[in-house]
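Peer 1: One structure, as structure tokens, below. Some questions next.
The values are calculated or read from the model by the stated rules, or taken from the named source; none is laboratory data. Just so it is clear, the structure is predicted and the values come from calculations on it, not from any experiment. Heads up, the Cβs are rebuilt from the backbone with ideal geometry, glycines too, and the neighbour counts pull from every protein chain shown.
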Amino acid sequence: MGYNAGNFDVIVVGAGHAGVEAALASARMGAKTLCLTINLDAVAYMPCNPSVGGPAKGIVVRELDALGGEMARNIDKTHIQMRMLNTGKGPAVRALRAQADKVLYQSEMKKTLETTENLTLRQGLVERLIVEDGVCKGVITKTGAQYYATSVVLTTGTYLRGKIIIGELAYESGPNNMQPSIELSYHLQELGFNMVRFKTGTPPRVNSHTIDYSVTEIQPGDDVPRAFSYETVEFITDQLPCWLTYTSPKTHELINSNLHRSPMYSGMIEGTGPRYCPSIEDKIVRFNDKPRHQIFLEPEGRNTEEVYVQGLSTSLPEDVQRKILETIPGLEKAELMRAGYAIEYDAIVPTQLWPSLETKLVEGLFTAGQLNGTSGYEEAAGQGIIAGINACRKVQGKDPIVLDRSQAYIGVLIDDLVTKGTNEPYRLLTSRAEYRLLLRHDNADLRLTEIGHEIGLIPNERYERFLKKREEIAREIERLEHESIKPTAEVQAILEEAGSSPLKEPMTAANLLKRPEITYDVIAKMTPNPSVSDVVAEQVEIQIKYAGYIDKQLAQVERMRKMESKKLPEDLDYFAINGLATEAKQKLHEVRPLSVGQASRVSGVNPADISILLIYLEQGKLAKIER
Amino acid sequence: MEYDTIAAISTPMGEGAIAIVRLSGQEAVPIADRLFKGKKPLAEVDSHTIHYGKLIDPKTNQPVEEVMVSVMRAPRTFTREDVVEINCHGGLVSVNRVLQLLLQNGARLAEPGEFTKRAFLNGRIDLSQAEAVIDLIRAKTDRAMNVALNQMQGRLSKLVGHLRQTLLETIAHVEVNIDYPEYDAEEMTHGLLNEKLQFVAEEIKKILLTAEQGKILREGLSTAIIGRPNVGKSSLMNALVHENKAIVTDVAGTTRDIIEEYVNVRGVPLRLVDTAGIRETEDIVEKIGVEKSRQVLKEADLILLVLNFHESLSPEDENLFKAVKGMDVIVIVNKTDLDQKIDMDRVKNLAGDYPLITTSLLKEEGIDRLEQAISELFFKGGIESQDMTYVSNSRHIALLNQALNHVEEALHGIEMNLPIDMVQIDITRAWEVLGEVVGDTVSESLIDQLFSQFCLGK
């Protein structure tokens, strides 16, 4: 019953946050691209929280933008609120977070896909891959359509053998009662992939009309206009607030007395859930000394009354969920619109991937997003763009793009996945990045625009603007390093006003800027340069002020790069290396790291094993034991 | 196993002691068998057994040595290779003869530390254990042996582990403020951070203090005997050596370039530095003067200053006191068997807080008291080595110093009012560096800490 449905360069299976970035990147780079989704109404759907960004994640969104991705632009067009987080801390951990209008976010993204050249968006449920001699040639849908392509990117999200669980109830389903993808999971196992079962969950939604906001605290957006994309010039000023309330002792009592009906505790759920995302019942059991838990009320959009009850993720039965709402100040009379649920799904063990996100098992097959064991829209999008780029480069016969840990959070994310694997849904945290100070929210463009341009995702016009900005920063830093500030009465007055001690002798403006209490604005009063824009001023201030710390991290990066440059052959026989610990042999055999640096990050491989690898490498012995 | 078979003397040598010559490698048993004559050939004995017999020189067919031979087959051995240990008489001559026999019959002389290196390369031990083993091999006294053993058993690991946990909790706290800015955890303040870091800095300093002693235990207390000619310096040295059995050993382990002398005085290893040098300084005061002698003394950990009971104090004696000011000194007034001509009140005055011992080396009197004084001085009134963790490894000392630097930089950052996430860079480095001491730098434990310490979620 199958039919030949056409030939493409790249096929992307799935149109969630990973899928859309993969499809857009591939099409924009010139590959004839097909994007297949189970349901066209689910393009860029947000099945859980209505927000984008936050610490680490927000930086990923900016990185996506610098690489030519879509997420930043799309949220800039469709948010209802934006905030800069961690403003009281250092520049490295500042991050934007936006509350999204979910429906608008979807329709804007869908429109972008529909109007992108080289890109075909189509509804279709992929059940099998066409694999010949270990090489992926295409996909087959449930309707029998056989599509052929050089590269295939799988982004199946939580659809893969998805199962929703609410209390005692369980049924096969994708997110939010979407049709699940069952066959593909079995097919992947047939192909030899190791699969794991993960679990995630979502809280209930309630009707805004029925919330008593008077007993909650308001959480407004920032007054200053903000945007994720470096290119955004129009800002949304009309913002909606979120609200904060807390669980009560009654909530805890109620949950404790209904624990036996929770699938997590009755043993019905087999999947591994993330520790950072526990359900409310988990929180109450594990942290029973905490008297109350925060509950944030987040609107799901401008044209809906649905409100997301953040902090109340649960898989308790629907009737218990309704009773829980009654115990929370402000929600006593809240009408439940959708019940919270837990969802189990299949993911592949990500150590089966090369750092390019191509699978080791099947050539030409790439995977991204929750299928690789991550959690979060941003994490999915970050992998999506890399998978899309590399799927396209495969078609073009070019080497894959791999971002290293000092270049981007996306690099940290992918390196962690393919090197260490994960035994729970993986979430990015700033602490996962060892070069956090280099991976800032403010410098994502400086880090990645060059690469985005080189691979063909950043148009020349934008690149020119970027080069100009970069040059202005360099010029202003240079100027401040040579500009001497003299202890004039005027200068001393400015210093005193800024709460700083007076100058005893002349000092360069750069050195003065290193004083913790001195900002670029203060310097500008002493030695104005009207041509400097705010974004340039911000860079100048950060780069000068924290130069000491930045240099320290750069030195570490240098050391890391040395280890990365010691390449290991893909097909090295670790079992033939004398002296490696058995565990190290097994792990290295499984991961097949491409460099000693990557090998050193494989869990179970200790420094002694690395010394031995280095000894072998130094002695040229590795050549002898390649298979 | 592609390695050849290596041999070396694996115990420090001393007159009358038992010495062990160790063989490791595929040919260890066959090589030993070529020389050994016992009840049955070593090839037929069970692993991890010990056998009495004689070593026969195959060339002359003459018995060379009476020995006990242990056979330990791979992989349950120190190097994970076949190991044979030959226990023989500890005399320099006999032990060397055994070694020479093995070398003539197919073994290769091990390089310094090569057994450990093999153990390491065969995955037998990790780096920090390997370093402790190296120290173990070099340990010159029983007490030093204990320190090395303790280190292996993880006393240092435990101590450092506690500090790491404190740092980890602090880091997790900072992290939760960063990654969950809206979470209702107490904000980590500069004040709070300062308090924690001061504590860690103090603890690292304490560990480092023991490092000095650890180093001394391993290397011996470098000891100089000084005094005017003919006060009995040579007699004093001979007495110490005779009483305590001089240990003649080689620093590098197997090569015989430099010979040093060690004596073990009640658990305190004394390294009689540059014995020839000390003898040449017989007339140190007259010949090179106080300035120069100060230079020589600078290297010493302990000074034994010898005066003559039978002569009155000279300006040279007084100059000696000046030269050793501020150092660890024991004053010895020798020749109490002769008439007193020295002004003891003046001596007591000059000696001040230094222990003052009177001896008659000729009559072998007072040596006990001297030993007691040395022991007391070293253990500073009852520091029991068993309860202490001596950091006896220079790599560990370097790492601890590095960690301390990072903590101090973090403290400096706090003082400068830098953002807490910047300060944290140094805290994390300190945590990582301490991890290198115990061989654990897995950052995943931070994530674990984060989620076990705080209740986070959607």
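Peer 1: With the requirement that a residue be in contact with a Leu (Cβ under 7 Å, 6 or more places away or on another chain) and within 8 Å of chain B (Cβ to nearest Cβ), what does region A:281-294 give you?
Peer 2: Within region A:281-294, just A:Gln294 meets the criteria.
Peer 1: Another question about this same structure. How do the helices (runs of 4 or more DSSP H) wholly within region A:398-499 filter down when requiring 1 or more residues that are touching a residue at least 40 places away in the same chain (Cβ under 8 Å): which remain?
Peer 2: In region A:398-499, the matching helices (runs of 4 or more DSSP H) lie at A:409-420, A:444-454, A:460-482.
Peer 1: Tell me, yes or no, whether region B:25-48 has at least one residue that is touching a His at 6+ places or on another chain (Cβ under 8 Å), in a helix (DSSP H, G or I) and modelled with pLDDT of 90 or more.
Peer 2: yes
Peer 1: Next question, about the same structure. Do we find a residue being within 14 Å of another protein chain (Cβ to nearest Cβ) and farther than 28 Å from A:Phe466 by Cα anywhere in region A:110-128?
Peer 2: Here is the first cut: in region A:110-128, the residues within 14 Å of another protein chain (Cβ to nearest Cβ) are none.
No, there is no match, as no residue in region A:110-128 is within 14 Å of another protein chain (Cβ to nearest Cβ) and farther than 28 Å from A:Phe466 by Cα.
Peer 1: Then there's this: Look at A:Glu358 and say whether it is more than 14 Å from every other protein chain (Cβ to nearest Cβ), touching a residue at least 40 places away in the same chain (Cβ under 8 Å) and within 30 Å of A:Ile389 (Cβ to Cβ).
Peer 2: Yes.
Peer 1: Taking the conditions exactly as written (loosely packed, with under 12 Cβ neighbours inside 10 Å, within 14 Å of another protein chain (Cβ to nearest Cβ) and among the aliphatic types (A, V, I, L, M)), does A:Ala498 satisfy them or not?
Peer 2: The answer is no for A:Ala498.
Peer 1: May I ask you to say which residue of B:Val324, B:Val333, B:Val329 is in contact with a helix residue (DSSP H, G or I) (Cβ under 7 Å, 6 or more places away or on another chain) and at pLDDT below 90?
Peer 2: B:Val324
Peer 1: List, please: which pairs have Cβ atoms under 9 Å, are six or more places apart or on different chains, and start with a residue in region A:574-586 that is of a type in the set (Ser, Thr, Tyr) and end with one that is modelled with pLDDT under 90 and part of a helix (DSSP H, G or I)?
Peer 2: So the pair list comes out as A:Tyr574/A:Ala584; A:Tyr574/A:Leu613; A:Tyr574/A:Ile625.
Peer 1: Restricting attention to region A:88-116, which residues are touching a strand residue (DSSP E or B) at 6+ places or on another chain (Cβ under 6 Å) and aliphatic (A, V, I, L, M)?
Peer 2: A:Ala95, A:Leu96, A:Ala98, A:Ala100, A:Leu113
Peer 1: Are any of the residues in region A:428-441 out of contact with any Pro (no Cβ under 6 Å at 6 or more places or on another chain), crowded, with 23+ Cβ neighbours inside 10 Å, farther than 21 Å from A:Thr351 by Cβ and at pLDDT 95 or above?
Peer 2: Within region A:428-441 (the criterion being out of contact with any Pro (no Cβ under 6 Å at 6 or more places or on another chain), crowded, with 23+ Cβ neighbours inside 10 Å, farther than 21 Å from A:Thr351 by Cβ and at pLDDT 95 or above), the answer is yes, since at least one residue qualifies.
Peer 1: Restricting to region A:73-88, give me the number of residues that are within 14 Å of another protein chain (Cβ to nearest Cβ) and among the aliphatic types (A, V, I, L, M).
Peer 2: 2
Peer 1: Is it the case that some residue within region A:89-100 is over 30 Å from A:Glu434 (Cβ atoms) and either modelled with pLDDT under 95 or within 14 Å of chain B (Cβ to nearest Cβ) (or both)?
Peer 2: Among the residues of region A:89-100, at least one is over 30 Å from A:Glu434 (Cβ atoms) and either modelled with pLDDT under 95 or within 14 Å of chain B (Cβ to nearest Cβ) (or both), which makes the answer yes.
Peer 1: Provide a single number: the residues in region B:171-188 that are within 11 Å of chain A (Cβ to nearest Cβ) and either part of a helix (DSSP H, G or I) or of a type in the set (Ser, Thr, Tyr) (or both).
Peer 2: 10
Peer 1: Here is a follow-up. Considering only helices (runs of 4 or more DSSP H) fully contained in region B:65-170, which possess at least 3 residues that are modelled with pLDDT under 70, crowded, with 22+ Cβ neighbours inside 10 Å and not hydroxyl-bearing (Ser, Thr, Tyr)? Before the answer, list the steps.
Peer 2: Details: elements: B:92-104, B:114-121, B:127-138, B:142-153.
The qualifying helices (runs of 4 or more DSSP H) are B:127-138, B:142-153.
Peer 1: Take region A:68-83 and flag every residue that is farther than 18 Å from A:Ile458 by Cα and not in a helix (DSSP H, G or I).
Peer 2: A:His79, A:Ile80, A:Gln81, A:Met82, A:Arg83
Peer 1: Just name the residue that is modelled with the highest pLDDT out of those in region A:230-278 that are under 29 Å from A:Val196 (Cα atoms), surrounded by 17 or more Cβ atoms within 10 Å (Cβ to Cβ) and among the hydroxyl-bearing types (Ser, Thr, Tyr).
Peer 2: A:Ser262
Peer 1: Let me ask another. Please verify whether A:Asp41 is part of a helix (DSSP H, G or I) and over 21 Å from A:Gly388 (Cβ atoms), treating the condition exactly as stated.
Peer 2: It is true that A:Asp41 is part of a helix (DSSP H, G or I) and over 21 Å from A:Gly388 (Cβ atoms).
Peer 1: Can you find a residue in region A:295-303 that is within 14 Å of chain B (Cβ to nearest Cβ), more than 16 Å from A:Ile211 (Cα to Cα) and either modelled with pLDDT of 95 or more or crowded, with 24+ Cβ neighbours inside 10 Å (or both)?
Peer 2: The answer is no; no qualifying residue exists.
Peer 1: Another one. Considering (1) in contact with a Gly (Cβ under 6 Å, 6 or more places away or on another chain); (2) assigned to a helix (DSSP H, G or I); (3) crowded, with 23+ Cβ neighbours inside 10 Å, say which one A:Val103 fails and leave the rest.
Peer 2: (3)
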